[in-house]
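A short write-up of the structure that comes next.
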Amino acid sequence: MRPALLILLLALALEQGAHAQSGSCPLPQQTATLVIELFFGQRIPGGGAVTSKEWRSFLARTVTPRFPDGFTVYDAYGQWRQPGTRSITRERSKVVVIVAADTPEVRAGIAQVTAEYRTLFHQHSVGVVTSPGCAAF
């Protein structure tokens with residue numbers, strides 16, 4: 001193959017590779033991220049509910065130090081079927097949305113946040129939904 005043709009083909013391949021990388025997110029300035037939704041039930045087994053003060057304290061002590069770049073919290077209402085009794089439980093809940101790079105530190109932070117909530121408020125589980133995303137802030 002002629003050197004000029006080889007250089008042209010190599011340049012085209014590099015350009016396509018760069019376009020594929022930058023084209024993975026649809027809007028300018030966006031980067032690939034992980035979108036994490038955490039579902040925290042507010043009912044405490046045996047009676048009572050997580051108070052506003054307890055929730056704010058949990059966010060300040062547990063979530064904020066692990067995700068200082070930010071997150072969003074909103075109120076929700078949900079239901080789920082208890083595995084043992086198969087009865088339906090309905091309760092107020094909080095949803096925390098975190099958009100972050102997919103790193104081992106982020107994954108560990110999610111595991112720590114959910115484990116601490118389960119322990120503090122005697123929860124059977126914390127719902128975790130992850131999906132790939134694109135973001136610019």
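The values are calculated or read from the model by the stated rules, or taken from the named source; none is laboratory data. What you see is a predicted model, and the numbers here were worked out from it, not measured in a lab. Glycine also receives a Cβ, built like all others from the backbone with ideal geometry; neighbour counts cover every protein chain displayed.
Of everything in region 33-47 that is at pLDDT 95 or above and of a type in the set (A, V, I, L, M), the residue that is nearest to the chain's Cα centre (by Cα) is ILE36.
Here is a check on your reading of the model: is PRO65 assigned to a loop (DSSP other than H, G, I, E, B), out of contact with any strand residue (DSSP E or B) (no Cβ under 9 Å at 6 or more places or on another chain), surrounded by fewer than 15 Cβ atoms within 10 Å (Cβ to Cβ) and of a type outside the set (D, E, K, R)?
Working: assigned to a loop (DSSP other than H, G, I, E, B): no; out of contact with any strand residue (DSSP E or B) (no Cβ under 9 Å at 6 or more places or on another chain): yes; surrounded by fewer than 15 Cβ atoms within 10 Å (Cβ to Cβ): yes; of a type outside the set (D, E, K, R): yes.
Spelling it out, it is not the case that PRO65 is assigned to a loop (DSSP other than H, G, I, E, B), out of contact with any strand residue (DSSP E or B) (no Cβ under 9 Å at 6 or more places or on another chain), surrounded by fewer than 15 Cβ atoms within 10 Å (Cβ to Cβ) and of a type outside the set (D, E, K, R).
Candidates in region 97-133 are the residues that are without any contact (Cβ under 8 Å) to a residue 60 or more places away in the chain and closer than 30 Å to GLY47 by Cα; of these, the one that is surrounded by the fewest Cβ atoms within 10 Å (Cβ to Cβ) is THR119. When you check THR51 against the structure, is it more than 15 Å from VAL113 (Cβ to Cβ) and of a type outside the set (Asp, Glu), yes or no? Taking the combined requirement at face value, the residue satisfies it. If you check VAL50, VAL106, VAL95 for being modelled with pLDDT of 95 or more and more than 27 Å from GLY133 (Cα to Cα), only one passes: VAL50.
Quick one: is ARG56 surrounded by 11 or more Cβ atoms within 10 Å (Cβ to Cβ), among the basic types (Lys, Arg) and under 14 Å from ILE36 (Cβ atoms)? I'd like the intermediate steps shown before the answer.
On the way: surrounded by 11 or more Cβ atoms within 10 Å (Cβ to Cβ): yes; among the basic types (Lys, Arg): yes; under 14 Å from ILE36 (Cβ atoms): no.
Taking the combined requirement at face value, the residue does not satisfy it.
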